Amino acid sequence: MGNISFVILNYKAYQEAIACAESVLKTQEYEDIQIVIVDNGSGNGSAEKLREHFAARQRVHIVESPENLGFARGNNLGIRYAREHFSPDFIVAANSDILFEQPDFCRKLTEIYVRRRYDILGGDIVDASRTQHFNPVAMERRYTLNYMRKQVLISWAKSAAFRLMKCLHLQKMSAGPSGDVEKEQGMGTRKATREVSGKSVAADSRIEEELTGVLLHGCCLVFSKDFFREFDGFYDKTFLYAEEEILYYLAMKCGMTLLYAPEVTCVHKEAVSTNYVLKDVCDAKIFYFSNITKSYRLFLKLMKQNREA
């Protein structure tokens, strides 16, 4: 057991997708791997650049979508291609801003599975400074209808607040003392936190032990073959954000094993595609809160449907 496919989702930032794929090719001694890069309707020549760069690499495959399908459907396009062409035992779904630096990354996935069968695995994902640890996002999360109603209201209110700020030209008020809005308030500069007993705490230390039933970050997830006995990929009704929350909710309902394994590591540079497209802090925040509000509304609808079923 050990055929592994990497699915890398690209939107406009093809240089990052190249760096991500190259990091896999350069560090993995594991021979039985394939890389599928999905260009998610970039419209900026990304697909052509990717094909040109990897023309001589038989293990790299470029899949092009004519439109931006969003995170879930874009990933699912690559997952479907990998499953149809390579029948992988494991699929690693990674954002383009992920770097794989661990030489035995692939071997570890198989070793951990043999020791402790899992459906979904998340490793110790660190930021570029190696000071922030994105996994686990939450030690456990109980999703109730009231909880989700609250999340919809909070995200909608924040979206409205930033829209008002934009309308009143108050962007500079959200910047720090230096006035550098993008540096201090950009989507990629937030301090990582994790949820413990319902409270957010700084995620500036690595969790050393394996944990099951935890909420895992969506920037790099490993799906074993077992996962696909129940699902074809991510819940595909959302466009962007909350995908890992919905995945956690559905997987836990099915009794699946979600495993955090600290011996597997990768680097997350964070929000490269969003920062590439949206330079203004208000635009970035409006984009984020508007899309996550839509996702939370769909999540709430899904929960109601499951309750009625």
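So, in segment 286-308, of the ones that are aliphatic (A, V, I, L, M) and more than 19 Å from C167 (Cβ to Cβ), which residue ends up surrounded by the most Cβ atoms within 10 Å (Cβ to Cβ)?
Residues of segment 286-308 that are aliphatic (A, V, I, L, M), as a first pass: 286, 292, 298, 300, 302-303.
Restricting the remaining residues to those that are more than 19 Å from C167 (Cβ to Cβ) gives 292, 298, 300, 302-303.
On the way: I292: 24, L298: 17, L300: 17, L302: 18, M303: 19.
Here the answer is I292.
Cβ separations smaller than 8 Å between residues 6+ apart or across chains give the following pairs from segment 54-77 residues that are more than 20 Å from L221 (Cβ to Cβ) to residues that are surrounded by fewer than 17 Cβ atoms within 10 Å (Cβ to Cβ) and basic (K, R): I62/R51. Checking each residue in segment 11-38 for being surrounded by fewer than 20 Cβ atoms within 10 Å (Cβ to Cβ) and over 24 Å from S87 (Cα atoms) picks out Q15, A19.
Modelled with pLDDT of 95 or more and out of contact with any strand residue (DSSP E or B) (no Cβ under 7 Å at 6 or more places or on another chain): does that describe D180?
Details: modelled with pLDDT of 95 or more: no; out of contact with any strand residue (DSSP E or B) (no Cβ under 7 Å at 6 or more places or on another chain): yes.
Answer is no for this residue.
Among the residues making up segment 39-82, a single one is charged (D, E, K, R), farther than 26 Å from C106 by Cα and crowded, with 18+ Cβ neighbours inside 10 Å: K49. Please count how many residues of segment 83-108 are surrounded by 24 or more Cβ atoms within 10 Å (Cβ to Cβ) and either free of Cβ contacts under 8 Å to residues at least 60 places away in the same chain or among the aliphatic types (A, V, I, L, M) (or both). Residues meeting the conditions: 5. Restricting attention to segment 250-309 and to residues that are among the acidic types (D, E) and modelled with pLDDT under 85, the residue that is nearest to P103 (Cα to Cα) turns out to be E270.
Is there any pair with a first residue in segment 224-242 that is within 13 Å of R83 (Cβ to Cβ) and surrounded by fewer than 20 Cβ atoms within 10 Å (Cβ to Cβ) and a second that is among the β-branched types (V, I, T) and at pLDDT 95 or above whose Cβ atoms are under 8 Å apart and which are 6 or more apart or on different chains, and what are they? Pairs found: D232/I79. Give I112, I125, I91 a once-over and let me know the one that is in a helix (DSSP H, G or I) and either under 30 Å from E209 (Cα atoms) or of a type in the set (S, T, Y) (or both). After applying the criteria, what remains is I112.
The values are calculated or read from the model by the stated rules, or taken from the named source; none is laboratory data. The model shown is predicted, which means the values in this text are computed figures rather than measured ones. Note: ideal-geometry Cβ built from the backbone for every residue, glycine included; neighbour counts use all protein chains shown.
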